[in-house]
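Comments concern the structure below.
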Amino acid sequence: MLRGKNIIIGICGGIAAYKTPLLVRLLKKRGANVRVALTEGGSRFVSELALATVSEEPVYRSIFPPTHTEGTDFTGHISLGEWADALIIAPATANTLAKLGAGLCDDMLTACFITLRPGKPVLIFPAMDGQMFLSPSVQRNIKTLATQGCRLISPESGELASGQSGLGRMPEPESILGYLEEELFSTTQRSPLYDKSVVVTAGPTREKIDGVRFISNYSSGKMGFAIARAAAKRGARVTLITGPVHLETPFGVERLDVESAAEMHSAARRFFNSSNIFVGAAAVSDYRPLAPYEGKMKKDEQEIVVTLIKNPDILAEFSLQKAPGQLAIGFALETETGLDNARKKLLEKKLDLIAFNFFDRKTSGFEVDTNILTLVGSDGVTTELPQLTKDDAAGKLLDAIEILCRSNGNNTQKK
Ligand SMILES: Cc1cc2nc3c(=O)[nH]c(=O)nc-3n(C[C@H](O)[C@H](O)[C@H](O)COP(=O)(O)O)c2cc1C
């Protein structure tokens, strides 16, 4: 896929720059033509000679060329961007993110970012200390670039150059290559989810007993967030309605925070008509206290009785009134009754697909980072997936949803 493709690697002044000659080499081995745009900061961390040798091209630094050398391209600051089929910026420093967001153009990297042809993929890999990454300025610049259509890949967690451990690491070169292939592939072959409105509910809900206590569950929201992230990557317009969780909003996803099932219900209803696909991954509390106590209940009584009443079933409500072409996807977390109960839910709620997962809190279900899903379609077709990371499981679920979109004649439509 990469054979003959023209790829620019922009390298900034972060410690992770030392990994980039390997990235250049991997791309060259795949048959890509690689040119490197190295910032002044970047040149402090990786040698220009190493990069020139592995790319077999001069390294691009300043936009001001020497005037005394024959054959010099005086407008290299424009032609480099025009040449490229894709731009990777790895590592992207806080400084360069700010420059790119503001449209500054004072070196070859920032110039080629601006002169890149429309529609060419830009993959940006911010890498820095975790606190730096989470700072409001860096997050603001990241959002700006994401809304411009750049793909920003969140840094990974792990050992950092500072000796600390946490968020901030640049992904390994092999993984960067994977992102590039995915991006080039997705621009040539669009997902049926492209430009579809996808609503995902995630996380737990909290049902007030009194002003300081609530009924809830162990849901971490990780599965729903992974689905939202994967759908956004495939070009969907994603709205994520989430209960209280401790998770970062995925790039390109619109997030609505709610607390109770009633709040989630009213937020979700706003999208019932306009969404093409509704994925109910939230662990919505089935019941809520009938009459939450105002203020804090006193502990004078030996025994108290809290009457619970049923909450609305948000997904079932959507599913039972959906228009032809709209898809309703559910989850069934079961402890004992298992797959049969999931099938029953699918039929009762008239879902298009249900993802059944067994609850063991070690490899599958709430809180953990992996899941073991069994997908059951409305036609009864059952697909057992192995233990996967929640991101990979989300990918498989979306593959199944794409098949449903295709068999719908790709006409998942608004009502
Ligand atoms: C030892 C050292 C390591 C650094 N690592 C990073 C880093 O990982 N990420 C980052 O954003 N900035 C890092 N910086 C700061 C940048 O090098 C600095 O902001 C520089 O101006 C970036 O220039 P550039 O964006 O033009 O490459 C580091 C600085 C030093 C001295």
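The values are calculated or read from the model by the stated rules, or taken from the named source; none is laboratory data. As the structure is a prediction and not an experimental result, all values here were calculated from the model. Cβ placement follows ideal geometry from the backbone for every residue including glycine, while neighbour counts extend to all protein chains displayed. Only protein heavy atoms, including side chains, enter the accessible area calculation; ligands, DNA and RNA are left aside. Shrake-Rupley method; radii C 1.70, N 1.55, O 1.52, S 1.80 Å.
Just so you know, in region 120-129 the residues that are over 13 Å from GLY81 (Cβ atoms) and more than 18 Å from the chain's Cα centre (by Cα) include one that is nearest to the ligand (Cβ to nearest atom), and it is MET128. The number of residues in region 210-232 being farther than 19 Å from PHE278 by Cβ and open to solvent by 40 Å² or more (accessible area, probe 1.4 Å) comes to 9.
Would you say LYS143 is open to solvent by 80 Å² or more (accessible area, probe 1.4 Å) and free of Cβ contacts under 8 Å to residues at least 12 places away in the same chain? Before you say what the answer is, go through the steps one by one.
Values: open to solvent by 80 Å² or more (accessible area, probe 1.4 Å): yes; free of Cβ contacts under 8 Å to residues at least 12 places away in the same chain: yes.
Spelling it out, LYS143 is indeed open to solvent by 80 Å² or more (accessible area, probe 1.4 Å) and free of Cβ contacts under 8 Å to residues at least 12 places away in the same chain.
Just wondering, is there one or more residues in region 250-262 that are part of a loop (DSSP other than H, G, I, E, B), surrounded by fewer than 13 Cβ atoms within 10 Å (Cβ to Cβ) and not assigned by TED's automatic domain parsing to the domain that holds ASN141? Checking region 250-262: not a single residue is part of a loop (DSSP other than H, G, I, E, B), surrounded by fewer than 13 Cβ atoms within 10 Å (Cβ to Cβ) and not assigned by TED's automatic domain parsing to the domain that holds ASN141.
Please verify whether THR93 is closer than 22 Å to LEU145 by Cβ and modelled with pLDDT of 95 or more, treating the condition exactly as stated.
Details: closer than 22 Å to LEU145 by Cβ: yes; modelled with pLDDT of 95 or more: yes.
Spelling it out, THR93 is indeed closer than 22 Å to LEU145 by Cβ and modelled with pLDDT of 95 or more.
The criterion of at least 3 residues that are touching a residue at least 24 places away in the same chain (Cβ under 8 Å) and open to solvent by less than 20 Å² (accessible area, probe 1.4 Å) is met, among strands (runs of 3 or more DSSP E) falling completely within region 302-394, by 327-334, 353-358, 370-377.
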